[in-house]
Amino acid sequence: MPHTPFQTLPQVSSDFFRFLLITFFYIIPINCLFKMSQYDSISVERRWQKMWKEEEIYRFDPDSDKPAYSIDNPPRYTSGSLHLGHATGYSLIDFAARYKRMKGYNVFFPLCFDVNGTPIEVKVEKKHNITKLDLPREEYRKLCSEYANGFIDEMTHHFEILGESMDPSIYYQTDAPYYRRITQMSFVELFNRGLVYKGDFPVNWCPRCMTALADAEVDHKDNTTKLNFVKFAIAGSDSHVMIATTRPELICTCKVVAVHPDDKEKQHLVGKDLITPVYGRRIKVIADPKVDPGYGTGNVMICTIGDKDDLEWVMKYHLEMEKGIDETGKMTEIAGKYAGMPVKEAREAIIRDLKETGALVRQEEVPQQVSVCWRCSMPVEYLQVPQWFLKTIELKEQVLGKADEIKWYPEFMKIRLQDWINSLEWDWVLSRQRIFATPIPVWECDGCGEAVCATEEQCYVDPTSDTPPVDKCRKCGGKLIGCTDVFDTWMDSSGSSLYNTFWKRDEDLHKKFFPMSMRPQSHDIIRTWAFYSILRSGQIKQSRPWDDIMIHGFIMAPDGTPMHSSVGNVIDPIPILENYGADALRYFAASCSLGTDHAFREQDVTRGKKLSNKIFNIGQFVGRFFDGKPVAAGELRESDRWIISRYSQTVKAATGYLDVYQFDRALKEVEGFIWHDLADNYIEMVKARSDPAVRYTLYNVFLGSIKMMAPFMPHVTEDVYQEHFAAFEGAKSIHISDWPAPIFVDEEAIGIGNSITEITSAIRAWKSEKKMPLNAELSKVEIIGEGAPALEKGAPDIIETSKIKELIFLKKAELKEEVTAIKPIHSKLGPAFKGQAKSIVLALSALSPKDALKMMTKDGLELEVDGEKITLAQEFWETQKRLTLDGKAVETIQLGNTLIVVEI
Ligand SMILES: [Zn+2]
Ligand SMILES: [Zn+2]
């Protein structure tokens with residue numbers, strides 16, 4: 001645990017050591033000493049991770065009187081591997097949790113996992129080469145559960161080595177009966193209030209997963225396909241109408257052909273009968289404004305399955321629904337000779353037949369957007385399958401209203417939700433024909449179809465194995481059969497704000513903690529997780545689920561393109577964590593502003609690593625300034641007032657940014673302060689001091705600095721805190737210590753302090769340019785300028801830092817320029833004067849600067865060479881000058897309006 005604190009050493013040796021150290025610093029610049037200490041990030045990180053866990057530093061206390069800050073943490077999907085997007089996203093959430101904890105909140109930040117749904121089923125089916133139909137439900141569910149739960153220990157370990165402050169005492173996973181129970185109870189309430197219905201409605205259907213999909217689960221892929229031009233004979237005539245279709249296999253369900261009402265050439269067709277090829281069915285031609293007269297032939301075949309447009313027409317014209325494709329993606333009896341064939345095979349077969357009979361005139365390659373299943377990429381069909389729905393469309397306004405009550409970070413992300421809500425056309429399809437999810441707690445009568453919902457007390461319940469609340473149908477006395485459908489996985493996850501606030505578990509706690517403080521999530525699931533959560537909270541609680549929502553972007557490959565295992569550009573964060581440490585990776589995460597996608601920048605991780613080293617090394621140096629908590633400041637110098645003011649400004653700015661989740665800006669403020677103001681300038685200035693004022697200042701300013709850095713870099717700050725501060729402050733961990741407050745802001749001191757640091761660093765640069773040792777003593781320095789006398793307060797700091805014997809501040813001073821010598825330019829004299837050049841050089845060197853001045857004319861220098869008077873033009877010689885002040889030679893350093901004059 002804590003290192004042996006230096007301050008426990010006997011007083012004498014401590015003082016002696018400080019004496020040695022100060023002496024040492026006179027000789028060796030501080031940066032050299034910094035390099036001598038090695039910060040071993042990995043062992044340090046593991047040590048504090050262990051301590052945090054053992055001491056339950058992040059434990060939430062439901063009975064605490066402190067204000068609560070509750071985070072609706074995204075349960076991590078149990079897919080196993082940790083990718084860079086997770087590492088970044090969860091780091092951002094952790095920054096908020098740690099900040100609020102230090103601000104005195106009782107922080108609710110659960111460790112949680114999402115163990116549900118089709119992706120796990122798909123993986124299990126691949127692994128065992130089975131489908132859901134090959135095993136009894138119970139066995140299938142067991143395989144999925146074992147597979148998913150097998151990842152949890154490893155994934156928990158990932159969170160730990162990332163330095164996440166999630167609380168295992170409020171752990172949950174979404175497949176547990178205690179969680180499924182809450183999902184079911186909320187359904188029971190919605191069912192009893194008439195918000196749930198079973199509808200015979202067309203749904204997006206994945207033939208591979210054999211389940212209905214919500215609109216949000218349908219992806220779109222660009223593809224090319226064949227547009228087939230097929231002849232439909234006009235009944236009772238020899239002529240025909242040409243139909244262009246990409247899906248000739250659907251001719252079996254073709255009900256009407258439509259043309260645009262303004263298409264003059266086609267008006268004569270409206271009302272006529274056509275005969276479908278292959279099937280010989282009579283169908284009508286109608287006029288409909290939704291027809292695109294520019295696509296294909298302008299004649300549209302409308303089938304009772306097909307795409308969403310077809311379905312709109314089916315509804316509009318009350319066409320009889322015929323099911324040409326079944327749930328497994330095969331043609332039905334209606335397709336005649338193609339029955340039983342998969343869709344693609346049937347398409348190829350009918351194209352062959354149409355060619356043979358001459359009905360297929362030609363084919364064209366056309367681009368096409370295919371709707372595919374988001375999980376398995378299989379093309380989605382629109383099928384008429386009985387499903388459970390939750391009323392959504394009639395609640396659009398309510399959800400929009402609740403979304404307005406939530407503070408969005410960043411604000412522009414709200415538009416994505418609004419656009420999504422406004423585009424919704426159907427109610428939420430709640431049911432899935434899958435297995436590894438929460439069962440829908442309903443039984444249906446085999447006689448009349450009446451649905452009987454479970455009672456609240458029955459939940460958690462599995463209707464495929466448990467008995468219904470009544471033994472027969474209330475309406476007809478028929479037998480009740482358990483529903484085999486399960487919930488869409490979003491039904492589980494969108495109840496997290498209810499589960500997290502003890503809904504139906506402890507009403508007092510629920511009142512205390514609902515709505516939650518904050519929902520963090522990525523932008524791709526606004527239309528699902530955020531939307532469904534707000535919808536259900538509105539339905540069940542008539543309230544918003546949280547006060548704030550914080551939305552982060554994706555992490556892209558270094559070139560800005562998405563990371564995909566198929567492209568081979570996925571960056572594994574585990575080796576980064578092992579090479580650089582979690583603090584360094586978290587530094588990168590903190591540099592990612594909310595709401596936008598960011599390319600991964602390894603140089604930021606390196607920068608983070610350097611910063612953690614720097615903090616550690618400043619700790620090594622600064623810690624030795626205090627052997628107890630300094631209580632009295634004594635008389636503060638101007639440099640002390642300056643650093644305290646700059647520190648106080650930094651606290652104000654960083655706190656303001658953290659309050660609105662602008663982690664990147666908060667980090668920039670604190671980092672800039674630590675590197676530049678504190679390390680480069682203040683510490684450089686006070687190396688030689690040991691008075692109470694410097695001890696007080698360093699103690700408070702550095703302690704506050706590591707506290708502000710603690711949410712971002714929890715390990716190195718804990719390490720420094722434990723070594724140098726914990727004993728005086730009394731907190732078990734920096735992460736449950738108090739957030740720092742500004743001390744004072746003295747604007748005048750900031751102005752003077754900035755000038756002092758500018759002057760001392762200019763002198764430092766000048767010395768190193770002159771190859772002088774940095775501790776070389778300067779006999780006299782004058783600071784000259786209008787504002788110079790005001791800087792006099794900073795004299796002791798400048799004198800000590802720059803090693804000056806005499807320092808003077810003046811508004812004005814008379815600098816003189818003196819010629820010290822006349823030098824020949826040999827390269828020009830030789831070629832021009834040949835043999836005489838040597839005599840000219842001699843004559844020049846014999847001149848005193850005083851004489852030379854007398855002999856200068858506008859044409860040149862009048863010289864006597866070998867008894868002859870010549871005027872030597874200026875291109876052949878140069879003057880050497882020097883500056884003097886009060887007759888003494890000086891050098892100058894210009895610094896804005898101020899001139900630093902150094903006597904040499
Ligand atoms: Zn699928
Ligand atoms: Zn019945």
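Numbers for the structure displayed
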{"read-out": "Top positive-direction residue, dipole computed over the chain with Cβ charges, set 109, 765, 156", "value": "765"}
{"read-out": "Tensor-based shape of the range 809-904 (alpha-carbon gyration tensor, a/c under 1.5 rounded, otherwise prolate or oblate)", "value": "prolate"}
{"read-out": "Computed accessible area, residue 432, all protein chains, 1.4 angstrom probe, square angstrom", "value": "10 Å²"}
{"read-out": "Dipole magnitude (debye, nearest 20) for the range 299-339, charges at Cβ of Lys, Arg, Asp, Glu", "value": "100 debye"}
{"read-out": "Computed accessible area, residue 356, all protein chains, 1.4 angstrom probe, square angstrom", "value": "150 Å²"}
{"read-out": "At q = 0.05 Å⁻¹, base-10 log of I(q)/I(0) for the chain (Debye sum, equal scatterers on each alpha carbon)", "value": "-0.49"}
{"read-out": "Exposure rank, largest accessible area first [319, 390, 815; 1.4 Å]", "value": "815, 319, 390"}
{"read-out": "For residue 656, net neighbour charge (Lys/Arg +1, Asp/Glu -1) across residues whose Cβ lies under 10 Å away", "value": "0"}
{"read-out": "The range 225-288 versus the range 326-352: alpha-carbon centroid distance in Å", "value": "21 Å"}
{"read-out": "Accessible area of residue 697 in the full protein assembly, 1.4 Å probe (Å², nearest 10)", "value": "0 Å²"}
{"read-out": "Anisotropy class of the range 220-319 from Cα gyration tensor, a/c 1.5 cut", "value": "rounded"}
{"read-out": "Sparse-neighbourhood loop sites, GluC sites (Glu not before Pro) in the range 406-488 - DSSP loop, at most 15 other Cβ within 10 angstrom", "value": "411, 425, 450"}
{"read-out": "Entries in 629/793; 126/226; 780/816; 198/391 that, when Cα-Cα distance is taken, lie over 21 Å", "value": "629/793; 126/226"}
{"read-out": "Convex hull (Cα only) mean projected area of the range 715-827, reported in nm² to one decimal", "value": "13.7 nm²"}
{"read-out": "Cα shape, the range 391-537, gyration tensor, a/c 1.5 rule", "value": "prolate"}
{"read-out": "Test item: Cα-centred dipole of the chain, Lys/Arg +1 and Asp/Glu -1 on Cβ, debye", "value": "760 debye"}
{"read-out": "Heavy-atom surface of the chain, accessible at 1.4 Å and reported per residue (Å²)", "value": "43 Å²"}
{"read-out": "Counted charge near residue 816, where neighbours are those whose Cβ lies closer than 12 Å (Asp, Glu -1; Lys, Arg +1)", "value": "-1"}
{"read-out": "Mean Kyte hydropathy of -1.0 or more with a Cα span along the axis of at least 24 Å, helices from DSSP in the chain", "value": "11-27, 84-102, 602-622, 638-659, 692-709, 747-769"}
{"read-out": "Summed side-chain charge close to residue 737 - residues other than residue 737 whose Cβ falls under 9 Å, Lys, Arg +1, Asp, Glu -1", "value": "0"}
{"read-out": "Positive dipole terminus of the range 557-674, leading residue within 639, 613, 570 (C-beta point charges)", "value": "639"}
{"read-out": "Fraction of accessible area attributable to carbon and sulfur, the chain (%, probe 1.4 Å)", "value": "52 percent"}
{"read-out": "Helix-only [θ]222 nm of the chain, DSSP H runs n ≥ 4, -39500 (n - 2.57) each, per residue, nearest 500", "value": "-11500 deg cm²/dmol"}
{"read-out": "Solvent-accessible ranking of 118, 297, largest area first, probe 1.4 Å", "value": "297, 118"}
{"read-out": "Candidate aspartates and glutamates - alpha carbon under 17 Å from residue 330, same-chain residues fewer than 8 apart omitted", "value": "249, 307, 322, 345, 348, 381"}
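The values are calculated or read from the model by the stated rules, or taken from the named source; none is laboratory data. The structure presented is a predicted model; accordingly, all values stated were derived computationally and were not measured. Cβ: placed from backbone, ideal geometry, glycine included. Neighbour counts: every protein chain shown. Note: accessible area is taken over every heavy atom of the protein model, side chains too, but ligands, DNA and RNA are not part of it. Shrake-Rupley method; radii C 1.70, N 1.55, O 1.52, S 1.80 Å.
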